[in-house]
1. Across segment 298-320, which residue is most open to solvent (accessible area, probe 1.4 Å) among those that are touching a Pro at 6+ places or on another chain (Cβ under 9 Å) and within 16 Å of ligand 1 (Cβ to nearest atom)?
2. Filter segment 1-49 down to the residues that are under 30 Å from GLY146 (Cβ atoms) and under 24 Å from the mean Cα position of the chain (by Cα) and list them by number.
3. Is it the case that some residue within segment 235-257 is within 16 Å of ligand 1 (Cβ to nearest atom), within 14 Å of the chain's Cα centre (by Cα) and touching a residue at least 60 places away in the same chain (Cβ under 8 Å)?
4. Yes or no: TYR27 in the same structural domain as LEU336 (by TED's automatic domain parsing), of a type outside the set (Val, Ile, Thr) and either in contact with a Cys (Cβ under 9 Å, 6 or more places away or on another chain) or within 16 Å of ligand 2 (Cβ to nearest atom) (or both)?
5. Which of (1) of a type in the set (Phe, Trp, Tyr); (2) open to solvent by 20 Å² or more (accessible area, probe 1.4 Å); (3) in a loop (DSSP other than H, G, I, E, B) does TYR219 not meet, given it meets every other one?
6. Determine the pairs where a residue that is on the phi < 0 side of the Ramachandran plot, located within segment 131-156, has a partner that is among the β-branched types (Val, Ile, Thr) and not in a helix (DSSP H, G or I) with Cβ atoms under 7 Å apart, the partner being 6 or more residues away or on another chain.
7. Just wondering, is there one or more residues in segment 198-211 that are assigned by TED's automatic domain parsing to the domain that holds ASN252, open to solvent by less than 10 Å² (accessible area, probe 1.4 Å), more than 27 Å from ASP96 (Cα to Cα) and touching a residue at least 40 places away in the same chain (Cβ under 8 Å)?
8. I'd like to verify a number: residues in segment 9-55 that are closer than 30 Å to ASP70 by Cβ and open to solvent by 10 Å² or more (accessible area, probe 1.4 Å), how many?
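The values are calculated or read from the model by the stated rules, or taken from the named source; none is laboratory data. This one's a predicted model, so the numbers in the text were calculated from it and none came from an experiment. Cβ placement follows ideal geometry from the backbone for every residue including glycine, while neighbour counts extend to all protein chains displayed. Side chains are part of the model used for accessible areas, which takes the heavy atoms of the whole protein and leaves out ligands, DNA and RNA. Shrake-Rupley method; radii C 1.70, N 1.55, O 1.52, S 1.80 Å.
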Amino acid sequence: MSNYFPDVSRICYAGPDSRDPLAFKWYDPEATVEGKPMREHLRFACSYWHTMRNLLADPFGAGTAQMPWDDGSDTLENAERRAEVFFEFLTKINIDFYCFHDRDIAPEAHSIEETNANLDHMVRVLGAKQQSSGKRLLWGTACLFGHPRYVHGAASAPNVDVFAHAASQVRRAIDATHQLGGEGYVFWGGREGYDTLLNTDMSRELDHVACFLRMAVEYKKRIGFQGAFYLEPKPKEPTAHQYDYDAATCLNFLREHDLLDEFSLNIETNHATLAGHSMEHELEVAAAAGALGSIDANMGDAHLGWDTDHFPTDLYMTTAIMRVVLRMGGFVTGGLNFDAKRRRGSFEPVDLFHSHIAGMDACARGLRVAAAIRADGRIDDLLAERYASWDSALGRKIANGECTLEELEQHASTSGEPTLKSGREELLRSILNNIRPEG
Ligand code: XUL
Ligand code: CO
């Protein structure tokens with residue numbers, strides 16, 4: 001193995017009392033929670049774009065990230081070196097999966113043929129690295145937002161030639177994902193949305209996006225790709241309005257265009273908050289529709305209205321996330337992908353480790369607390385009790401659609417004024433605060 005991080009050896013579990021900055025305090029990959037190893041619950045993935053390609057520039061200043069292995073060129077040698085560094089990182093941080101955009105791993109060239117050849121080359125390089133390291137691809141995707149040709153959108157572009165370019169790019173990105181045994185493929189509508197309705201035929205654009213996705217589904221079936229297709233909601237950035245606004249909007253779009261059987265959602269925390277929702281809300285909406293596929297684990301800053309992609313370190317939030325994941329029986333093809341970047345001031349290579357350790361430990365602790373909440377049972381019991389009247393004969397009759405308004409009037413007039421109970425919010429929060437992590 002290469003040695004681009006000479007001062008870091010493999011990160012190990014040292015327990016909550018450890019003061020070693022380069023050790024896990026809560027993530028013990030083989031320890032079991034609810035009978036399953038933590039690594040299988042959490043299915044951590046590392047994003048190629050943030051870890052290898054993010055220079056930490058912001059709108060006010062240049063990149064600060066120190067990447068001594070990267071000469072900044074668009075050569076295949078540089079791309080291969082990045083892959084070398086990335087797999088050393090995955091091995092040392094002990095993350096099993098990764099995710100990429102086509103353009104993260106291989107440089108775009110002057111012709112489609114040359115670009116595809118670059119991609120094919122890097123797929124072979126990454127395939128060999130997966131083989132020797134045992135690492136796996138959680139999902140792949142196409143970058144349909146970076147190149148200037150996508151300025152007005154890709155699948156929603158007003159220009160059909162742009163749509164064709166995007167289609168050809170997605171075709172190859174699905175091929176790459178398939179060849180690398182990817183468990184899923186993400187559609188994040190980078191620039192699918194609008195800046196002003198003055199120049200936008202929204203319903204026409206949405207029909208085009210549906211055609212695009214339908215062609216992708218047909219292609220997937222044609223080549224025998226078994227992985228999951230995910231749609232990733234986001235309400236704004238880079239456009240003023242993104243069509244995949246939030247989970248409910250995506251589900252409605254998929255239902256309207258008869259695509260719901262073919263897609264589930266990849267929910268990202270900071271996108272949820274940009275939409276004015278909590279992550280828990282978005283996960284509940286997706287899970288209720290049987291469509292919670294995967295998670296982009298990050299978070300925003302409460303003081304900023306931007307998609308800042310902080311590493312997830314809020315323990316209440318990671319607990320809420322893992323409660324939903326446990327309740328739905330765990331991930332199938334999905335996992336927790338760190339779509340997260342270090343702060344601009346955290347520019348040293350070792351900060352890649354500190355940031356991932358912080359995120360992994362927060363998710364692991366969230367998992368342990370979520371399991372403890374379930375084992376404790378008080379919160380679930382209070383919830384069940386709150387709806388107990390719906391377990392009555394009348395409640396079941398209504399829920400089964402077998403009741404009429406007239407019957408209910410009869411019931412209301414004989415049962416008297418309903419007896420109400422407290423919602424007990426503070427009690428619930430107090431119980432939550434006092435539950436200790438399992439294990
Ligand atoms: C952008 C974002 C993307 C997608 C993949 O906000 O989240 O990185 O996850 O294209
Ligand atoms: Co994302």
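1. MET299
2. Result: LEU42, ARG43, PHE44, ALA45, CYS46, SER47, TYR48, TRP49.
3. No, segment 235-257 has no match at all.
4. Details: in the same structural domain as LEU336 (by TED's automatic domain parsing): no; of a type outside the set (Val, Ile, Thr): yes; either in contact with a Cys (Cβ under 9 Å, 6 or more places away or on another chain) or within 16 Å of ligand 2 (Cβ to nearest atom) (or both): yes.
No: the conditions fail for TYR27.
5. Looking at each condition in turn, TYR219 falls short on (3).
6. Every condition considered, the pairs that remain are TRP139/VAL186; THR141/VAL186.
7. Initially, segment 198-211 is screened for residues assigned by TED's automatic domain parsing to the domain that holds ASN252, giving 198-211.
Now drop any that are not open to solvent by less than 10 Å² (accessible area, probe 1.4 Å), which leaves 210.
Among the residues that remain, those that are also more than 27 Å from ASP96 (Cα to Cα) are: 210.
If we keep only those that are touching a residue at least 40 places away in the same chain (Cβ under 8 Å) too, we end up with 210.
Yes: segment 198-211 contains one or more residues that are assigned by TED's automatic domain parsing to the domain that holds ASN252, open to solvent by less than 10 Å² (accessible area, probe 1.4 Å), more than 27 Å from ASP96 (Cα to Cα) and touching a residue at least 40 places away in the same chain (Cβ under 8 Å).
8. Narrowing segment 9-55 to residues closer than 30 Å to ASP70 by Cβ: 9-12, 20-24, 27, 29, 39, 42-55.
Still in the running and open to solvent by 10 Å² or more (accessible area, probe 1.4 Å): 9-10, 12, 20-22, 29, 39, 43, 49-50, 53-55.
Qualifying residue count for the region: 14.
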